[in-house]
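What follows draws every value from the coordinates through simple rules; no lab data is involved. None of the values given here were measured: they were computed from a predicted structure. Note that we place each Cβ from the backbone using ideal geometry, even for glycine, and neighbour counts take in every protein chain shown.
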Amino acid sequence: MAAPGGKFFIEKNMKILAPHHESFKQLWETKWKKPAEMGVYPFMFSTDSDFAPIVSELVAKDFKEPYDWDAYASTFFPQAKNLTSIAKEAEKKGEIEKASEYYLRASAVYRIARFPAPRSEQQRLAWKLGKAVCIKGLGLRPHPVQEIQIPHTHRLPSEGTTIPVYYLLPSTASTSTPVPLLILFTGLDGYRTELAVWMEGWRQNGVAVMVLEIPGTGDCPASASDPTSPDRLYTSLFDWIGQQEGIDQKRVGIWAFSTGGYYAIRAAHTHADKLAGVAAQGGGCHHMFDKEWLDHVNHLEYPFDLADTLAYKWGYGSDIELFKQEAKAKFSLVADGTLDKPKCARLLLVNGTEDEIFPIDDYYVALQHGAPKEARFVKACKHMGEPEAFFVLLNWFYDLFGIKANAGKQMSTIPFRAKY
């Protein structure tokens, strides 16, 4: 812990039970209803009316922790299938804009069904079906997003052969006029199907965007339990990027969200020569693995069982206690020497000071090791420092890439508004 007295900066809040852990009804009313109405995380590409019948059923059946994940996920399927049917019918009629919207709305319902991670059979099915309708919807847009399978050339035999990414290249990109590339690292529960919400805004500003999942989530081929697997993953990734003539190789950056921040900090040190800059928003590097921290996070800010989800993500399955015992020594970027490497890309650390998912302590630790770094902490804000942090980050990237853009205008592309 980095606070005086060997404590966490939010020590005083760590034993308080957040209301949304009492029941799904409380989760919806106190945490999810407003973002669902706004069409923002985790309800990208959706409208709250799509969730009304699902919420009614989950509340009527009094769903609460510990969740039966198969029963939970199954509740979402009828509505997701209904929205998909509307999309297919619209596509048959040539109503492409309507079809795109409904495919994406269906993907959002499947997303919350598999949230926070596809740990059960029905959640894994929701992930599979959600991917299919999401790329269908994104592919029907005026500037279609592509899904590319990048060869994982540096993989171990036990790892996947390709890296699935979403990719959107501005039409202005060419050998003579290469554009910047922003790589988005996803988080614990938001995958490429969700973080694609950022792609169109960046395209409008002449920036190519790539979105990929971190180890242990989505379809990432890297080993979840091997601390060195991200190094191989990103070497394969940068090999492919280096072959793209429309990309300005001197203007490649990473913006990582939440758990992805851990991997961004690592990449800034292991692949510094490939990057103009890296921003880690809401991530961690060391104390995020403290047993004292993990013992409390299941009842704090995160909507579900955070420690359990992290254990699953890092390859421990349901063995939460073993994860708590081993994770810090195995994955800490202080313990493995990453943060003390002499070379580091330009690195910006951003978070809210009251983060209850990953401790702000970790960014204090990062600033005390190795090469100098930049930091911006948003006072009295929780995880990721939203929404103020987004404006800080957008303007930082505009400067990094040497482009002129308006952060407010770009942020206006994020909330979803149903047209049909």
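Tabulated values for the structure
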| read-out | value |
| --- | --- |
| Backbone HN-Hα couplings from phi across the stretch 246-253 [Karplus 6.51/-1.76/1.60, Hz, Gly and Pro as x] | x, 9, 7, 5, 8, 10, 10, x |
| Partners for residue 404 among aspartates and glutamates (Cα-Cα distance below 20 Å; same-chain residues under 8 apart left out) | 200, 248, 388 |
| Under-5 Å amide H pairs with residue 163, H placed in peptide plane, nonlocal only | 150, 152 |
| For a label point 7 Å along the Cα-to-beta-carbon line of residue 399, residues of the stretch 228-255 with backbone N under 20 Å | 250-255 |
| Positive-pole candidate from 90, 78, 3, dipole of the stretch 1-99, charges at beta carbon | 3 |
| Stretchable slack from residue 226 to residue 371, in nm (0.36 nm times residue separation minus alpha-carbon distance) | 49.7 nm |
| Assigned charges on the beta-carbon of Lys, Arg, Asp, Glu; the chain dipole about Cα centre (debye) | 980 |
| Over the stretch 179-308, equivalent-ellipsoid semi-axes from the Cα gyration tensor in Å | 27, 17, 13 |
| Cross-link pairs beyond the 23 Å C-alpha cut-off, checked among 93/136; 31/324; 31/330; 92/136; 33/313; 81/131 | 31/324; 31/330; 33/313 |
| Whichever lysines have a C-alpha closer than 16 Å to that of residue 419, once near sequence neighbours (fewer than 8 apart) are set aside | 98 |
| DSSP bridge pairs, the stretch 144-420: antiparallel proportion in percent, nearest 5 | 25 |
| Difference of contour (0.36 nm per residue) and Cα-Cα distance, residue 420 to residue 23 | 139.7 nm |
| Percentage of interatomic Cα-Cα distances in the stretch 255-373 larger than 23 Å | 26 |
| FRET E, pair residue 97, residue 7, Förster distance 56 Å, beta-carbon r, rounded to 0.05 | 0.55 |
| Amide hydrogen neighbours beyond the local backbone of residue 179, cut-off 5 Å, H modeled | 174, 247, 248 |
| Built amide H within the under 5 Å cut-off of residue 381, gap 5+ | 353, 354 |
| For residue 15, net neighbour charge (Lys/Arg +1, Asp/Glu -1) across residues whose Cβ lies under 12 Å away | -3 |
| Relative contact order (%) - criterion: Cα under 8 Å, at least six apart; region: the stretch 124-197 | 23 |
| The stretch 20-142 - Rg over Rh from alpha carbon coordinates, Kirkwood radius | 0.98 |
| Charge dipole (the chain, unit charges on Cβ, about Cα centre) - positive-most of 211, 53, 174 | 174 |
| Charge sum, other residues only, whose C-beta stays under 13 Å from residue 48's C-beta, Lys/Arg counted +1 and Asp/Glu -1 | +1 |
| Listed residues 342, 196, 400: farthest to the positive end of the dipole of the stretch 144-420 (Cβ charges) | 400 |
| Cα-only Debye scattering, the stretch 131-174: base-10 log of I(q)/I(0) at q = 0.18, 0.24, 0.32 Å⁻¹ | -0.65, -0.85, -1.08 |
| Neighbour net charge for residue 212 - beta-carbon separation under 11 angstrom, K R +1, D E -1 | -2 |
| For the chain: relative contact order, % (alpha-carbon pairs under 8 angstrom, 6 or more apart) | 15 |
| Helical mean residue ellipticity (222 nm; -39500 (n - 2.57) per DSSP H run of 4+; nearest 500) of the chain | -11500 deg cm²/dmol |
| Mean shadow area of the stretch 74-190 over all directions, Cα convex hull, nm² | 9.5 |
| Scattering profile of the stretch 328-386 at q = 0.22 Å⁻¹ [log10 I(q)/I(0), Debye over alpha-carbon scatterers] | -0.89 |
| Tensor-based shape of the stretch 139-222 (alpha-carbon gyration tensor, a/c under 1.5 rounded, otherwise prolate or oblate) | prolate |
| The chain pair-distance distribution - Cα-Cα, 10 Å bins, rounded % | 5, 22, 34, 28, 11, 1, 0 |
| Segment residue 143-residue 386, length gained on full extension (0.36 nm per residue, minus Cα span) | 84.7 nm |
